[in-house]
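Right, one structure below, let's go through it.
The values are calculated or read from the model by the stated rules, or taken from the named source; none is laboratory data. Bear in mind that the values here come from a model prediction, so they are computed numbers and not experimental data. Counting neighbours? That spans all protein chains shown, and the Cβs are built from the backbone with ideal geometry, glycine included. Remember, those area values only see protein heavy atoms, side chains included, never the ligands or the DNA or RNA. Shrake-Rupley method; radii C 1.70, N 1.55, O 1.52, S 1.80 Å.
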Amino acid sequence: MTKAATLLAAEEGANPLIPHTFELVVGIFSFLVVLVVVGKILVPRIQKTLGERTDAIEGGIKRAEEAQAEAQALQQQYRDRLAEARHEAARLREEAREQAAQIKAELREEAQAEARRLVEAAHAQIEADRQAAFAQLRTEIGRLSTDLAGRIVGESLEDEVRQSRIVDRFLDELESTPQAVR
């Protein structure tokens, strides 16, 4: 068949590689129509869509950069606040330590003052008890001395003035004796 097609084409005298004029005109016209349709209708729409996408992408990138900058600003603000809060906490701890030391010192002073007061009160009570015991002992010694003296002398020493003088003289003599005797 190839030989038959070649013979048929050779008989016509036309070159099979060169198209017919009608086909060439229709092909060029169709190409121009497609070129105009693509160039005037499709290319602007494609460029518009590409522009919108570019704007959207650039806007998204810009918004992302703005959001990232805002996030970094918020993060820095958070760090600043955190550092400030830590500083404030350290200051409050220091104040609390100072107040605790001051309260401790005040309590210590109050305790020492109370201890001094108690010691002074105890000394005063002991002195009062000693004085009371001494007075009671003096009275008892005086009574015993007058009874003893009355038995020795053989007369009654019931007179209170005389009894008081004798007791005072006896106690004075007793107190004036050297300490070694006691």
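Of note:
- Average projection, convex hull of the Cα set of region 82-128: 2.7 square nanometres.
- Probing with 1.4 Å while keeping every protein chain in the model, the per residue accessible area of region 76-152 equals 86 Å².
- Note on region 47-161: Kirkwood hydrodynamic radius from all Cα pairs is 24.3 Å, rounded to one decimal.
- Label point distance in nm, ASP55-GLU114, each placed 7 Å from Cα along Cα→Cβ: 8.4 nm
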